[in-house]
1. If you take the residues of the stretch 182-205 that are under 15 Å from the mean Cα position of the chain (by Cα) and of a type in the set (A, V, I, L, M), which of them is surrounded by the fewest Cβ atoms within 10 Å (Cβ to Cβ)?
2. Hey, any hits in the stretch 65-73 for a residue that's under 22 Å from Asn189 (Cβ atoms) and touching a strand residue (DSSP E or B) at 6+ places or on another chain (Cβ under 6 Å)?
3. For the stretch 147-162, name all the residues that are over 12 Å from the mean Cα position of the chain (by Cα) and either part of a helix (DSSP H, G or I) or polar (S, T, N, Q) (or both).
4. For residues that are modelled with pLDDT of 95 or more and among the hydroxyl-bearing types (Ser, Thr, Tyr), scanning just the stretch 1-32, find the one that is surrounded by the fewest Cβ atoms within 10 Å (Cβ to Cβ).
5. Does Leu35 satisfy the condition of being within 16 Å of ligand 1 (Cβ to nearest atom), closer than 22 Å to Gly190 by Cα, assigned to a strand (DSSP E or B) and modelled with pLDDT of 95 or more?
6. Give Gly179, Gly144 a once-over and let me know the one that is away from ligand 2 (no atom under 16 Å from the Cβ), of a type outside the set (Lys, Arg) and under 16 Å from the mean Cα position of the chain (by Cα).
7. With the checklist (1) crowded, with 24+ Cβ neighbours inside 10 Å; (2) away from ligand 2 (no atom under 15 Å from the Cβ) in hand, flag the one item Gly36 doesn't pass.
8. Could you pull out the residue among Glu185, Glu213 that is within 16 Å of ligand 2 (Cβ to nearest atom), acidic (Asp, Glu), at pLDDT 95 or above and outside any loop (DSSP other than H, G, I, E, B)?
Amino acid sequence: MYRENFHTHTYRCHHAMGDAADYAGAAREAGLTRLGISDHTPLPDGWTPEIRMDMGELQDYLQAIRQAGETQGILVIAGMECDLNRRYFGFYERELLAPGRCRYLIGALHYYTHKSEEIYAGLIPGAAYLASYAKTIVSGIESGLFAFIAHPDHFAAGWNRWDSETKACVRAIMEAAKGAGIPLEINGNGFRKSPVNFDGKTRPPYPWTPFWEMAAEYGVSCICNSDAHRPQDVTASLDRCEKLAAGLGLKKGTARLLDE
Ligand SMILES: [Zn+2]
Ligand SMILES: [Zn+2]
């Protein structure tokens, strides 16, 4: 049974509803004991501003999380979902992990760079692109900045080949996660997205079962999160995530928090 969720978004990212207190209230009612708030990070250079808060909203965000913890009767932890791009790693470390700010960061790939071109995570035109995707995930894991990696199998939204090239990419991710000892996220929001169709069969874009079978083989731990963009989704799909993990015998991990 799930007791925590570390992946939630507030209204500040322009594609979610509610604030920290709304999620905290919903989480308490659902019986969670710990809740992480992890909105999309603001960025100093204003990259893709339509899906994230402004730099000027950071203090208010942290304040809202503190207040939610004080008033809602549940432990609320400040975090941030951070795009995996090396040019921001210094900012994450200096600004987001500064004392009194975030207690954990989620590393998430929404775009990867292939031959200096930025490409959407769900668009994998060929195996060389998948290798670039995997390299980006591995660089995030090896940075040591992140408590876990969100939806590491996002690529499966646009890829269904389980061949030797794919396995090599997934192995690289598993070896890095195993080496760093950080969990990979089974992302519940994938279950709530429109299914994708490959060879006449439909499935969720992610979580992708072959990916998680290899995680089990490597003994890499997983963390189950709802990736809620509305307070009423605070525990959405966690049962399906847990079922997938249990079915494959995956080890359960949790978010490693700063000063814990
Ligand atoms: Zn989002
Ligand atoms: Zn994400």
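The values are calculated or read from the model by the stated rules, or taken from the named source; none is laboratory data. Predicted model, so just to flag it, every value in this text is computed and none were measured. Glycine gets a Cβ as well: all are built from the backbone with ideal geometry, and neighbour counts include every protein chain shown.
1. The selected residue is Ile182.
2. First, pick out the residues of the stretch 65-73 that are under 22 Å from Asn189 (Cβ atoms): 65, 68.
Next, only the ones that are touching a strand residue (DSSP E or B) at 6+ places or on another chain (Cβ under 6 Å) stay: 65, 68.
Among the residues of the stretch 65-73, at least one is under 22 Å from Asn189 (Cβ atoms) and touching a strand residue (DSSP E or B) at 6+ places or on another chain (Cβ under 6 Å), which makes the answer yes.
3. As a first pass, look at the stretch 147-162 and keep what is over 12 Å from the mean Cα position of the chain (by Cα): 155-162.
Of everything in the stretch 147-162, those that are over 12 Å from the mean Cα position of the chain (by Cα) and either part of a helix (DSSP H, G or I) or polar (S, T, N, Q) (or both) turn out to be Phe155, Ala156, Ala157, Gly158, Asn160.
4. It comes out as Tyr11.
5. no
6. Every option except Gly144 fails the conditions.
7. (2)
8. Being within 16 Å of ligand 2 (Cβ to nearest atom), acidic (Asp, Glu), at pLDDT 95 or above and outside any loop (DSSP other than H, G, I, E, B) holds for just one of Glu185, Glu213, which is Glu185.
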